[in-house]
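These notes are about the structure you will find just below.
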Amino acid sequence: MDFSLSDEERAFQEAVRRFGDKVLRPNERRIDAEGRIPSEVLQEMARLGLLAMPVPTEYGGIGASAVLTEIAAEEIGRGDFSMATAVFFLLEAGWGYILSRHGTEEAKHEVLPPVCEGRAFLGIATTEPTGGSDLANMRTRSRRDGAEFVVRGEKAFVSGVEEAKSLGGGHLTLTRASDRDGFHFLYVPTRSPGISTQKFENMGRMGISTGGLTYDDTRVPEKYLIGTEGKGFQAAMEGFSVARTFVSAACIGAAERALETGMAYIRERQVFGQPLGKFEGIQFELVDLWTQVEAVKWQCRRAAWLLDQYTLKGDSSHRSEVDRAVASVKLTAPPIAFEAVKRVMMWFGAAGYTKDVGLELGFRGVMSYMVGAEGGLNIMRIILGRELLGSEFVPYK
């Protein structure tokens, strides 16, 4: 197995890191304070081909591999410590890929080019006010009515509600099929008649909105059906495997930045006549954190490699292996990143609690991946338990 990057991959990584250093870092405090990603940042991302990277070139993307997209997610998580830009990035990458793979040709040509150009937003809407992962009790329903689907229900904790209104675009929306067994998966433009929105106030990643969507007999043309009628669940789960990998990569980037910030500080900070980094209590903690981040980084790279080998080729023969790899990295990367940020904040003492140091941006941003965002930690444990012991050990039916 070759762990090295190709010359092209290395050059791309360096370009995204330059973008992070020169564009994202100078704007991250503004992104957090203003509650939006500036249009010039999105336009630069579009110029670099960073928006919906896995989408094929005929629909406006660059046809990137999962590994290349994972590399970009890591660098964006490092660049904008608030994680807002990383959320925008991974949503469009993961769900743009799903639309390009399972959508109709008409929808692909209509929706994806403006997404790739930064002129529209694309996200995912599955969670409801009564729960996120309990899909058996999903209350949002859709039924076919001629050449349209009629959607009624409510989604909650949806990222990009305001962006889809202001930029245009919408969300891939999972609904129970009320006229047959199974689920319908539909692209629903947020500006459609019959949709009302609500914005929630989060503690972090302020640069991308979180909110709710209410569908009051919203009519969705059949061209926006994702996959096959009644079988939308499978396409949605495929999308979560992809998006969870990029979530994990963004957390790794944030963790690496936290450790870099901490190492620079403990080299210079003088305590009792010597650098803070000379004290074993700090040095050993650094080593333990670095080792954990390095381990999960390669775990994430392997998950992306598996997606390239199987999932992105439509090969489901290794689904269990892919599910185990993705769930394990989504289970480990956010807590490790959160611990890295927290510990480095403590190295700074009282200064770490101030906004001047900037670590609180990552502290608030990474927490969103601890509590949910593409699946909570305990859901990852349930997935791994199922794959290790068998479906009969799943605690719900």
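The values are calculated or read from the model by the stated rules, or taken from the named source; none is laboratory data. Keep in mind that what you see is a predicted model, and the values were worked out from it rather than measured. In this analysis, Cβ positions are derived from the backbone assuming ideal geometry, glycine residues included, and neighbour counts consider all displayed protein chains.
Based on what the data block shows, is R191 of a type outside the set (S, T, N, Q) and in a loop (DSSP other than H, G, I, E, B)? Judged against the criteria, R191 is a match. Exactly one residue out of T214, T173, T190, T197 is of a type outside the set (D, E, K, R), under 19 Å from the mean Cα position of the chain (by Cα) and modelled with pLDDT of 95 or more, and it is T173.
Considering each of P129, P113 in turn, give the residue that is surrounded by fewer than 18 Cβ atoms within 10 Å (Cβ to Cβ) and not assigned by TED's automatic domain parsing to the domain that holds V41. Spell out the reasoning first.
Working: P113 fails: not assigned by TED's automatic domain parsing to the domain that holds V41.
Within the list P129, P113, the selection yields P129.
For region 194-206, give me each residue that is part of a strand (DSSP E or B) and within 30 Å of R29 (Cβ to Cβ). Answer for region 194-206, where residues must be part of a strand (DSSP E or B) and within 30 Å of R29 (Cβ to Cβ): T197, Q198, K199, F200. When we screen G49, G96 for residues that are in contact (Cβ under 8 Å) with a residue 12 or more places away in the chain and in a loop (DSSP other than H, G, I, E, B), the only hit is G49.
Can you pull out every residue in region 132-149 that is over 22 Å from P395 (Cα atoms) and surrounded by 15 or more Cβ atoms within 10 Å (Cβ to Cβ)? Spell out how you get there, then give the answer.
First, the residues of region 132-149 that are over 22 Å from P395 (Cα atoms): 140-149.
T140, R141, S142, R143, R144, E148, F149, listed by residue number.
With respect to the conditions (1) exposed (fewer than 13 other Cβ atoms within 10 Å of the Cβ); (2) among the charged types (D, E, K, R); (3) within 27 Å of F89 (Cβ to Cβ), E360 lacks only one, and its number is (1).
If you go through region 316-336 one residue at a time, do you hit one that is basic (K, R), part of a helix (DSSP H, G or I) and crowded, with 22+ Cβ neighbours inside 10 Å? Break it down stepwise before answering.
Looking only at region 316-336, we keep the residues that are basic (K, R), and these are 319, 324, 330.
Next, from what is left, pick out any that are part of a helix (DSSP H, G or I): 319, 324, 330.
Filter once more, so that each one left must be crowded, with 22+ Cβ neighbours inside 10 Å: 330.
Yes - at least one qualifying residue is present in region 316-336.
Of the residues making up region 172-200, those that are touching a residue at least 40 places away in the same chain (Cβ under 8 Å) and charged (D, E, K, R) are R180, D181. Looking across region 236-260 at every residue that is surrounded by fewer than 21 Cβ atoms within 10 Å (Cβ to Cβ) and modelled with pLDDT of 95 or more, the one that is farthest from Y369 (Cα to Cα) is identified as E260.
State all residues of region 346-397 that are assigned to a helix (DSSP H, G or I), over 18 Å from R244 (Cα atoms) and hydroxyl-bearing (S, T, Y); if no residue qualifies, say none.
Of the residues in region 346-397, the ones assigned to a helix (DSSP H, G or I) are 346-347, 349-353, 359-371, 377-389, 391-393.
From what is left, the residues that are over 18 Å from R244 (Cα atoms) are 346-347, 349-353, 359-364, 388-389, 391-393.
Selection gives Y353, S391.
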